[in-house]
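The values are calculated or read from the model by the stated rules, or taken from the named source; none is laboratory data. What you are looking at is a predicted structure, and each value in this text was computed from that prediction instead of being measured. Cβ placement follows ideal geometry from the backbone for every residue including glycine, while neighbour counts extend to all protein chains displayed. Areas reflect the complete protein model, heavy atoms only, side chains present, ligands, DNA and RNA absent. Shrake-Rupley method; radii C 1.70, N 1.55, O 1.52, S 1.80 Å.
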Amino acid sequence: MNTIIQNILVFAAIVGALAFLLRKFIWKKSKSKKACGGDDGCGCH
Amino acid sequence: MSKQINVALIGNPNTGKTSVFNALTGLNQKVGNYPGITVEKKEGICKLPRGVKAHIIDLPGTYSLNASSLDENVVIELLLNKNDKDFPDIAVVVTDVENLKRNLLLFTQIKDLEIPTLLVINMADRMRYKGISLDIDYLEAQLQTKIALISTRKKEGIDNLKHLIANYKEVSVTPCIKASDIDKEYFENLQKAFPNQLLYKLWLVITQDVNFGKTDRKEIDAVANFKTKSKADLKRLQQKETIKRYQFINNVLREGQTIDVSQAKDLRSKLDRILTHKVWGYAIFFVILLTIFQAIYDWSSVPMDFIDSTFAFLSEWTKNQLPQGAFTNLLAEGIIPGLGGIVIFIPQIAFLFLFISVLEESGYMSRVVFLMDRVMRRFGLSGKSVVPLISGTACAIPAIMATRNIESWKERLITILVTPFTTCSARLPVYLIIISLIIPEGRFLGLGYQALTLMLLYFLGFATAVLSAYILNKVLKIKSKTFFVVEMPNYKLPMFKNVALTVLEKTKSFVFGAGKIILAISIILWFLASYGPGDDFNNAESIIKTEYAAQQLSEDEISQHISSYKLEHSYIGITGHAIEPIIRPLGYDWKIGIAIVSSFAAREVFVGTLATIYSVGNDDEATIKNRMAAEVNPILGGPLFNFASGISLLLFYAFAMQCMSTLAVVKRETNSWKWPTLQLFIMSGFAYVVALIAYQFLK
């Protein structure tokens, strides 16, 4: 039981990580024209 | 009944315009709003000689007649509308004696509208302290105006100003610049289309985004629709106009104004004389940089050691306390070491931005910009390029966006292309960990070798940027000119609140911006390093036990061999081995290769990746640095991170274009894939060659 739960959590973490990276670098959300640099964490705000 | 004239007080912000208004009107003033907008309207009455009364309007401060705000709209609309009841009989342009060159831009624009324009040079009492002397007769002749040299603080020259205003009819209305000099063909066509209109007024109407509320719409629309050129071409003509004006102003001031800085007596001038000195200025800047890098190392070593050991303990604790399984392994071997690889650099990042923020707040950074302008010009860059290059030490992305205020496209393009060479904060973790592994901790004249190496890397980045700019300036065949104007703020003690907020903001964006990417990559790397295809990975335990059956190895040693074998046959191991032939000549193994590939997302991912790869299968409580130091070169033996491979890695990261986000911003700013593609291949190709040469020489 413990093994199944741990595997499910690992699977969820990997899917989440992949989705985040794909969304960040490949399927970018269209940004507001008012934003100066988007969500790149560049500290430009 | 005495005659009343309209007087418009106009000037750049902070020239003491309101003080002049107060000096002229005394208590005879009222404050209201311009109709329909919330811009303050100040007007008053002043009694002039010969029984003349002046209705004085203190217009909002503006740098030029190229309006970019509601306040500036008010100024331009009044000056273009002769039917306005407040249209001035005379415009009084107030300037600051210390910033005459910049202030005169607005003066020449107003003069070209053929309105009688009087020049007031304020703060004359500061001339002596600043070593400034003016040839008023010469300036009056060249600018074709009357000049009032005044000091509102000392209440000097006000009567003369009143006298000049009263005699406004004697002030010439001859323009400073002929509009047709800007672009002969365009302005001739414009004049043919509107033969009865003033050319410069037509030009202003065409190029402004002003809401001409009070002016006759039909007339304005007719002019505004005359656009034989695209918006970009009109912008270029505006830039050309500005350059023409500054050329005119420079010529006038060359003879009419003398600034002898050696005569300046105030504290600011004394400091400026030293801090912007052509020898001492650079020497002081060098010493300040040296102090900063030494302090970064000295002050942050204790908190860094604490963070490092805390994450190592946390990883071990997680493994021991949570139920055994894949998710526990993911936490202990993937997520925690990966995050540790970024959190550990918080102290150094915070100290770096603390110093940068103090330098900016104190006013010293503007002096650095001025100082560096001298150097920049020789390499085909503008003084304005210094700002992006300095902000590039934080992040290339906002730095590249900061190039937007460089008028010359060539200088802007060159700045965009070379800015990624400056050492950004994302390179810092890579530099710090490699330096700590390959450079000894000793000191020379009180300065640590490690701090000196870090400073050298910053210089290397800056020097490469400047040299690349020089080459690009020769290679790119784009003609353009620009002028550099920088406002020198007064020196002041940095405000603690501002400094603290900057440090917090920058550190937060570093941790949370890169942190999310590192967390995601750590999870995926852990998976790729913990699982693999085929029998080699699945039967690792039996293969190793059979292989080492004849040797008397302890349980721990067997376990180490199994972990190592599994890693080599995991997904990441197979990928790493596939790219190994390319990176082997640089002195790297497949694990470093994986870290380089993953750090293309963000450079700081390099350390987190190695931390994750080295953690998989390891149960000991070692820190990231210790694990990296213990790595053995699989072919040559000895430490993997030795002097040769370490220097090779440092140089690779100094030059390589390892940042996807920067490439995306370059594409957006240049509106072409050509420049980011060239940037990627040239920078990374150069990095590879330099790293290869360094390793082959040093190994």
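On the range B:507-698, 63 percent of the accessible area sits on carbon and sulfur atoms, based on a 1.4 Å probe.
Taking the centroid of alpha carbons for each part, the range B:657-679 and the range B:140-160 are 52 Å apart. For the chain pair B and A, the buried solvent-accessible surface (1.4 Å probe, both sides summed) amounts to about 2000 Å². With r defined as the distance between the Cβ atoms of A:Ile4 and B:Lys674 and R0 fixed at 56 Å, what FRET efficiency is calculated, to the nearest 0.05? Given R0 = 56 Å and the Cβ-Cβ separation, E is 0.60. For the cross-link pairs B:Lys42/B:Lys155; B:Lys130/B:Lys497; B:Lys111/B:Lys410; B:Lys231/B:Lys410, the ones whose C-alpha atoms lie over 30 Å apart are B:Lys130/B:Lys497; B:Lys111/B:Lys410.
Take B:7-14, B:160-167, B:43-50, B:631-638 and order them by the average number of nearby Cβ atoms within 10 Å per residue, most first; the result is B:7-14, B:160-167, B:43-50, B:631-638.
Think of it this way: in chain B, B:Cys46, B:Cys176, B:Cys424, B:Cys659 stand alone, with no other Cys Cβ under 4.7 Å. If the chain linking B:Lys3 and B:Glu505 were pulled fully straight, counting 0.36 nm for each residue of separation and taking away their Cα-Cα distance, it would gain 174.8 nm. In this simple spin-label model, placing a label point 7 Å from the Cα along the Cα-to-Cβ direction at both B:Ile682 and B:Val261 gives a separation of 3.4 nm. For the range B:280-475, dividing the convex hull volume of the Cα atoms by the residue count gives 151 Å³ per residue.
Rounded to the nearest 10 degrees, the angle from helix B:449-475 to the longest Cα principal axis of chain B is 60 degrees. Could you sort out which of B:Lys101/B:Lys201; B:Lys506/B:Lys625; B:Lys101/B:Lys384; B:Lys319/B:Lys566 sit more than 21 Å apart by Cα distance in this structure? Pairs exceeding the cut-off: B:Lys101/B:Lys201; B:Lys506/B:Lys625. Working from label points 7 Å from Cα in the Cα-to-Cβ sense, the A:Ala12 to B:Ser564 distance is 3.8 nm. Taking a point 7 angstrom from the Cα of B:Val632 along the C-beta vector, which residues in the range B:525-563 have backbone N less than 13 Å away? B:557-558, B:560-561, by backbone N distance to the label point.
Across peptide B:329-340, the mean count of Cβ atoms from other chains lying within 10 Å of each residue's own Cβ comes to 1.
Backbone N atoms of the range B:105-120 closer than 20 Å to the 7 Å Cα→Cβ label point of B:Tyr63 belong to residues B:105-111. With one equal scatterer per alpha carbon and no solvent term, the Debye-computed log10 I(q)/I(0) for the range B:507-698 at 0.11, 0.12, 0.13 1/Å reads -0.58, -0.68, -0.78. Measuring r between the beta carbons of B:Arg378 and B:Lys699 and using R0 = 51 Å, the FRET efficiency lands at 0.85. Hey, what angle do you get for helix B:605-615 against the long axis of chain B, alpha-carbon based, 0 to 90 degrees rounded to 10? That helix lies at roughly 20 degrees to the long axis.
Legend: mean number of C-beta atoms from other chains within 10 angstrom of residue C-beta atoms, peptide B:315-328, equals 3. Mean projected area of the Cα convex hull of the protein assembly as shown, taken over all directions, amounts to 39.9 nm².
Calculated mean residue ellipticity, 222 nm, chain B: -18500 deg cm²/dmol, from DSSP H runs (n ≥ 4) at -39500 (n - 2.57) each, averaged per residue and rounded to 500.
For the range A:1-18, a reduction of at least 30 Å² in accessible area between the chain on its own and the assembled protein chains (probe 1.4 Å) is found at A:Asn2, A:Gln6, A:Leu9, A:Val10, A:Ala13, A:Ile14, A:Ala17. Paramagnetic label reach from B:Met495 (point 7 Å along Cα→Cβ; backbone nitrogen cut-off under 15 Å): within the range B:362-389, residues B:362-363. Based on protein heavy atoms only, the protein assembly as shown ends up with 47 Å² per residue of surface accessible to a 1.4 Å probe.
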